[in-house]
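The values are calculated or read from the model by the stated rules, or taken from the named source; none is laboratory data. On a predicted model such as this, the values are computed, not experimentally measured, just so you know. Cβ placement follows ideal geometry from the backbone for every residue including glycine, while neighbour counts extend to all protein chains displayed.
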Amino acid sequence: MARAAKIEVKIRRARLPDVGAIIDLTRDFGRAGLMIPLSVGDTLERIRNFLLAETPDGGLIGCVAVDPAWELLAEIRSLAVALKFQLRGVGRELLLAALDDARAFGAREVFSLTYVPDFFRRFGFERMDRNSLPHKVWLVCVKCPKFPDCGEVAVKMRLASGAE
Ligand SMILES: CC(C)(COP(=O)(O)OP(=O)(O)OC[C@H]1O[C@@H](n2cnc3c(N)ncnc32)[C@H](O)[C@@H]1OP(=O)(O)O)[C@@H](O)C(=O)NCCC(=O)NCCS
């Protein structure tokens with residue numbers, strides 16, 4: 001894949017006023033069926049779970065969320081980088097920050113439901129049987145217009161704790 005120069009971003013935790021910008025950032029990906037469209041209500045409820053990638057001038061160009069899924073298990077969700085900033089290392093920064101966040105949160109394993117399993121594979125994720133995910137995850141899936149034939153692939157990765 002063609003790659004432009006790496007872009008420097010600051011990864012920061014989302015705050016309440018970021019809800020609208022997160023929805024703007026992800027809207028086109030939701031419409032294109034690449035991710036579950038985010039509603040204001042859902043984003044507000046999950047706002048503390050989001051990490052954002054910000055340019056030096058304060059522009060929001062990427063997001064990711066680390067959602068609790070089960071005891072010791074977290075879900076990496078809503079990963080998106082604005083189209084014109086893709087392939088410049090921002091997705092990598094977001095995913096690595098999300099893995100750190102999940103680890104700090106006490107998760108021993110993370111998973112994601114994705115159409116880009118090859119991206120996740122670069123970071124050590126492996127395919128898993130989505131039927132083995134906790135029932136709680138399906139509560140989100142059943143709200144998706146594509147359920148049950150969405151074609152998303154489940155990937156997971158074990159997290160080393162600081163002591164390992
Ligand atoms: C997937 C996505 C987040 C990647 O973000 P990005 O900023 O373009 O990724 P990066 O530039 O950090 O790429 C890191 C590495 O992954 C590779 N990569 C990027 N997109 C990839 C893809 N779709 N499949 C496989 N590898 C990919 C890059 O080539 C790069 O490899 P390198 O380190 O060997 O050069 C971005 O394409 C996106 O927002 N897509 C639309 C929304 C989406 O599908 N989100 C995932 C939902 S779970």
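Tell me, which residue of segment 16-44 that is in a helix (DSSP H, G or I) and in contact with a strand residue (DSSP E or B) (Cβ under 7 Å, 6 or more places away or on another chain) is nearest to T114 (Cα to Cα)? By that ranking, first place goes to F29. Within segment 148-164, being of a type in the set (A, V, I, L, M, F, W, C) and at pLDDT below 75 holds for one residue alone: A163. Of R103, R127, R121, all but one fail to be farther than 23 Å from P37 by Cα, touching a residue at least 40 places away in the same chain (Cβ under 8 Å) and not β-branched (V, I, T); the exception is R103. Within segment 68-107, restricting attention to residues that are surrounded by fewer than 18 Cβ atoms within 10 Å (Cβ to Cβ) and assigned to a strand (DSSP E or B), which residue is nearest to the ligand (Cβ to nearest atom)? The qualifying residue nearest to the ligand (Cβ to nearest atom) is P68. Across segment 108-125, the qualifying residues are those that are within 8 Å of the ligand (Cβ to nearest atom) and among the aliphatic types (A, V, I, L, M), and the one among them that is modelled with the highest pLDDT is V116. Which number in (1) in contact with a Lys or Arg (Cβ under 9 Å, 6 or more places away or on another chain); (2) farther than 24 Å from M157 by Cβ marks the one condition that A32 misses? All conditions pass for A32, except number (1). Based on what the data block shows, is R46 within 21 Å of L133 (Cβ to Cβ) and of a type outside the set (S, T, N, Q)? When the stated conditions are applied, R46 passes them.
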